[in-house]
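Here is the structure we will look at.
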Amino acid sequence: MRTLSLSNGSVLPAIGLGTWKTTRGEAAVAVDAALAAGYRHFDCATIYKNEAEIGEVFHHWLSSGRIRREELFITSKLWNNAHLARHVRPAVERTLRELQLDFLDLYLIHWPISFSSDCDHPKRAEQYLPPDDNRLIATWHTMEKLVRKGLLRGIGLSNCKRSRLQELFTAADIKPAVLQVECHPYLQQRQLLDWCRENSIAVTAFAPLGSGDRPENIRNANVIELLNNPVLQKIATETGSTPAAVALAWNLARDVAVIPKSIHPEHLRENLKAASLYLSLSQRKRIDQLNCGLRLIDGSPFCSKKSPYSLDWLWTDTA
Ligand SMILES: NC(=O)c1ccc[n+]([C@@H]2O[C@H](COP(=O)([O-])OP(=O)(O)OC[C@H]3O[C@@H](n4cnc5c(N)ncnc54)[C@H](OP(=O)(O)O)[C@@H]3O)[C@@H](O)[C@H]2O)c1
């Protein structure tokens with residue numbers, strides 16, 4: 001398995017399993033099949049509402065001795081309703097309980113957007129906390145304490161633009177080990193990747209296959225779904241592989257980790273094989289030309305008229 005070395009000394013398997021949209025009943029089957037196929041890196045989150053089911057599978061594999069804890073790399077994420085300092089530790093403890101683990105390898109702030117603690121998804125204006133990057137820094141300092149206590153091995157961020165990341169990086173005592181952002185041939189994130197490389201932050205690409213099963217409310221009918229893109233299809237034919245494997249291999253060649261989601265054993269195996277797919281420089285350059293800045297998961301449901309947050313606040317870099 002290809003790996004990336006993290007600034008905290010941990011080793012991140014470059015291909016992991018995404019678990020968003022993996023519903024109850026599917027999650028256990030998918031994670032069990034992924035472990036059997038050789039996956040050791042799992043991307044979880046409280047808001048995916050499947051951690052308890054996934055935890056049953058981890059427990060089964062660990063307690064039967066089929067795998068050792070040190071072989072696994074488990075990520076989870078703090079949801080937007082638990083950013084206040086007093087909510088962070090209970091959120092981590094709940095995830096640990098559900099996943100049946102003593103520590104997480106990586107814990108991310110899922111979004112820089114904060115909700116009140118009484119809701120998963122705000123329906124009313126008063127359920128949003130106002131935008132405040134200092135609150136995010138306070139959340140970070142609370143997570144740092146949990147690193148010192150041994151509950152978290154590494155901490156990081158997700159859905160952060162460069163200027164916000166830079167501000168937090170400056171304030172942090174424990175630097176972010178990983179940034180998880182949307183990253184695929186349509187949204188290549190080159191400047192953000194360069195900044196992360198300069199500051200020893202590893203990058204994990206979410207939606208690396210273009211999130212073809214993303215929810216209807218964030219779908220744009222005008223988009224050619226990534227896996228149907230003719231350039232990826234042509235390169236798949238040239239290399240005797242598939243568009244999915246090509247999209248993953250392209251990110252891996254840039255030293256970006258990928259966390260494709262699948263519930264199908266044949267897709268799980270195919271995605272893992274992307275680690276050994278070689279793309280020539282000219283094939284990679286053809287993929288580079290697909291960059292069009294298309295963000296598929298842009299947080300627009302959190303930026304409705306009722307919300308104090310905007311897409312501009314989320315994504316447009318200041319200086
Ligand atoms: N931090 C964040 O805010 C954030 C946001 C989004 C996602 N994520 C993480 O990133 C993970 C991946 O992103 P994603 O789930 O949105 O999308 P994705 O992994 O880009 O795409 C998932 C879709 O691709 C299909 N697929 C998987 N392997 C395939 C293959 N070999 N050939 C053809 N189709 C294939 C899946 O279908 P089948 O299941 O039928 O195989 C599913 O429809 C998530 O699951 C989650 O863990 C994080």
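We did not get these values from a lab; they are worked out from the coordinates using the rules stated. From a predicted model like this one, the values you see are computed outputs, not experimental measurements. Ideal geometry is used to build each Cβ from the backbone, glycine not excepted, and the neighbour counts take in all protein chains shown.
Antiparallel beta bridges, as assigned by DSSP with both residues in the chain, represent about 15 percent of the total such bridges. Phi angles across region 20-30 convert, under the Karplus curve 6.51 cos²θ - 1.76 cosθ + 1.60 with θ = phi - 60°, into 3J(HN,Hα) values of 5, 6, 8, 7, 4, x, 8, 4, 5, 5, 5 Hz, Gly and Pro given as x. Net charge near Ser280, counting Lys/Arg +1 and Asp/Glu -1 over other residues with Cβ under 14 Å of its Cβ? So the environment of Ser280 carries a net charge of +2.
Taking the Cα centre of each part, how many Å lie between region 225-291 and region 82-131? What the calculation gives is 33 Å, centre to centre. With all pairs of different C-alpha atoms in the average, the Kirkwood value for the hydrodynamic radius of the chain is 19.9 Å. With N as its number of residues, region 148-248 has a Cα radius of gyration that, divided by 2.2 N^0.38 Å, comes to 1.32. For region 108-150, the Stokes-Einstein estimate of translational diffusion at 4 °C and a viscosity of 1.567 mPa s comes to 111 µm²/s, using the Kirkwood hydrodynamic radius over alpha-carbon pairs. With the cut-off at under 12 Å, measuring from each backbone N in region 297-316 to a point 7 Å along the Cα-to-Cβ line of Ala125 picks out 305-309. For region 42-63, backbone nitrogen atoms closer than 18 Å to the point 7 Å from Thr23 Cα along Cα-to-C-beta are found at 47-54.
Placing +1 on the Cβ of every Lys and Arg and -1 on the Cβ of every Asp and Glu, with no other charges, gives the chain a dipole of roughly 180 debye about its Cα centre.
Among the listed pairs Lys49/Lys261; Lys145/Lys306; Lys149/Lys175; Lys21/Lys123; Lys21/Lys306, which are separated by more than 23 Å between their Cα atoms? Among Lys49/Lys261; Lys145/Lys306; Lys149/Lys175; Lys21/Lys123; Lys21/Lys306, the Cα-Cα distance tops 23 Å for Lys145/Lys306; Lys21/Lys306.
Couplings 3J(HN,Hα) for region 40-55, derived from phi with the Karplus relation 6.51 cos²θ - 1.76 cosθ + 1.60 (θ = phi - 60°), are 10, 10, 10, 9, 10, 6, 4, 6, 6, 6, 9, 5, 5, 5, 5, x Hz, where x marks Gly and Pro.
Taking other Cβ atoms within 10 Å as a rough exposure proxy, Arg219, Arg269, Arg124 sort from fewest to most as Arg124, Arg219, Arg269. Straight-line cross-link reach from Lys234 at under 20 Å between alpha-carbon atoms covers these aspartates and glutamates, not counting any fewer than eight positions away in the same chain: Glu225, Glu270, Asp288.
Shown is the FRET efficiency for Asn291 and Thr170, computed with R0 = 41 Å from the Cβ-Cβ distance and rounded to the nearest 0.05: 0.90. In this structure, Ala221 and Trp315 have a Cβ-Cβ separation that, at R0 = 22 Å, corresponds to a calculated FRET efficiency of about 0.50. The convex hull built on the alpha-carbon positions of region 184-319 has an orientation-averaged projected area of 9.8 nm².
Maximal additional length on extending the Leu281-Arg97 stretch stands at 61.7 nm, based on 0.36 nm per residue less the C-alpha distance.
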